[in-house]
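Below is one structure, written out as structure tokens; comments come after it.
The values are calculated or read from the model by the stated rules, or taken from the named source; none is laboratory data. None of the values given here were measured: they were computed from a predicted structure. We place every Cβ from the backbone using ideal geometry, glycine too, and count neighbours over all the protein chains shown.
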């Protein structure tokens, strides 16, 4: 057990010292029935891959969970209907496909506390034990940048759209997992280039 933890620590330490702009990232977004991971459900899950600064939409996925018991307000917020649910996949199947990327990608979320909180529970329930190499949160990156510049952070200043606006990125229609995953991928690259200022950027600077 100690040897396993030490190996994991050394791998993480080595990764943190690498060039952030040359890494492979898996940008994930979830659509949820609510904000409580213990009682609400994952409606759909989307991911986009960034490889060496290139957003590979051809490798993106948007999968709907057919196991959802109650859509709650999802038809209103996400536009997902009962018909779409019926044509979806089991959550276990979706998580199996997602976890295949964990060994070669750094995971990225906008608000990792929320989305990774849901995924951890779902992965545990599916008996999927593979761990991601590292998790990066674009919301956390932006919060650090604003605090570094002594900028007062107001309510809604760290929403995905608000963060994108500061980098003059276009506004997207939100509440669609694939669109939000793409939007988060673009935000991450914008943040990387803003932080690096043309110099080499270490992965550690994003954590």
#### Entry: Scan of region 4-29 for residues that are assigned to a helix (DSSP H, G or I) and either surrounded by 12 or more Cβ atoms within 10 Å (Cβ to Cβ) or modelled with pLDDT of 95 or more (or both), ordered by number
8, 11, 12, 15, 16, 20, 21, 22
### Task
Tally the residues that are surrounded by fewer than 17 Cβ atoms within 10 Å (Cβ to Cβ), free of Cβ contacts under 8 Å to residues at least 60 places away in the same chain and either part of a loop (DSSP other than H, G, I, E, B) or on the phi > 0 side of the Ramachandran plot (or both), restricting the search to region 43-70.
5
### Query
Can you find a residue in region 142-153 that is out of contact with any helix residue (DSSP H, G or I) (no Cβ under 9 Å at 6 or more places or on another chain) and on the phi > 0 side of the Ramachandran plot?
yes
### Message
Given the condition over 21 Å from residue 38 (Cβ atoms), modelled with pLDDT under 90 and touching a helix residue (DSSP H, G or I) at 6+ places or on another chain (Cβ under 9 Å), answer yes or no: does some residue in region 89-106 qualify?
### Response
no
### Query
Restricting attention to region 197-207, and to residues there that are assigned to a loop (DSSP other than H, G, I, E, B) and touching a helix residue (DSSP H, G or I) at 6+ places or on another chain (Cβ under 9 Å), which single residue is surrounded by the most Cβ atoms within 10 Å (Cβ to Cβ)?
201
### Task
Could you check, for region 133-146, whether at least one of its residues is within 18 Å of residue 35 (Cβ to Cβ), modelled with pLDDT under 95 and surrounded by fewer than 18 Cβ atoms within 10 Å (Cβ to Cβ)?
no
#### Entry: helices (runs of 4 or more DSSP H) enclosed by region 107-196 - at least 1 residues per element that are touching a residue at least 24 places away in the same chain (Cβ under 8 Å), touching a strand residue (DSSP E or B) at 6+ places or on another chain (Cβ under 6 Å) and under 28 Å from residue 41 (Cβ atoms)
112-125, 177-196
